[in-house]
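In what follows, a structure is listed as structure tokens, so that the remarks can point back to it.
Where a number appears in this text, it was derived from the coordinates with a stated rule and is not lab data. Here the structure is a predicted model, which means the values were calculated and not measured.
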Amino acid sequence: MDDKGWERYGAVGGLVFAVLLLLSTFMVPAPPHVDASTLKIAKYFLDHPNRILASQVIGLFAVLGFVWFAAHLRTTLRAAETVGDGLAALVFGSGIALAALGALASVPNAVLAFGAKQRSEVITNAGFVRGMFDMNLMLGNVLTVLLGLFVAAAAYAMLRREVAMQWLGAAGVVVALVAFVAGGTGFFVTKQNGGVVAIGFVAFLGFLAFVVVTSIWMLLPAHRSRAYRAVPAPVT
């Protein structure tokens, strides 16, 4: 694959990620609230086992697209860096950590949905159901903080003109701050709180928008020359 093909597929990976993640999120009914009864939680999985399992599988494939996107973003940043400050490594490292945890985060819901499909003792054990449900919530909070780190690192590179999209960098800083607040606050919320849910939803949609716009920019023919604007010309 030549450089142009790598760029194209890396950018498309971000778009595929966004589309699949949105599909995975909205193809299932809204989950029970954080303070829902264990019976209500179990009923949710018993009523929709196949849709929940399909959602987790689609979300897992979305992660693959994100890994490709993060890898190409790292390549773009490394080419544009004027000093070896490791910012590209931070973007890639946080992206891989986010992808890995995102893949693992599919496990709690998948286990409960699989148990519900089998009508096994997994879904009738109240303590297990509650534990897996709460684990899914906690993993979501950690994911939100990690996505904030990824967006913050990429946004900082944009503000430094390393990828020539300062306005998106400024928006990314806002998204990152919202994600940090949403993820950190989520650890302490034990009762349904519409405000916290709304903040988390804003962080989620903001993150997807950030990835989509960055991917579209990568597909633009002129982006390579703009990305290398900050690189000094070689001395002859």
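Cα centroid separation, region 46-77 to region 146-193: 20 Å. The Rg/Rh ratio for region 3-227 is 1.02, where Rg is the radius of gyration of the alpha carbons and Rh is the Kirkwood radius. Gain on full extension, evaluated as 0.36 nm per residue between Leu64 and Leu23 minus their Cα-Cα distance, stands at 13.3 nm. For a distance above 21 Å, tell me the whole-number percent of Cα pairs in region 58-176 that qualify. Taking all Cα-Cα pairs of region 58-176, the fraction more than 21 Å apart is 48 percent. Length gained on full extension, Thr124 to Val34, computed as 0.36 nm times the residue gap minus the Cα-Cα distance: 30.5 nm.
Comparing Pro221, Pro108, Pro32, which has the greatest mean-square fluctuation in the GNM of the chain with Cα pairs linked when under 10 Å apart? Most flexible of the set in this elastic network: Pro221. Between the Cα long axis of helix 126-159 and the first principal axis of the chain there is an angle of about 10°, rounded to the nearest 10. Only helical runs count toward this figure. For the chain, summing -39,500 (n - 2.57) over DSSP H runs of n ≥ 4 and dividing by all residues gives -27000 deg cm²/dmol at 222 nm.
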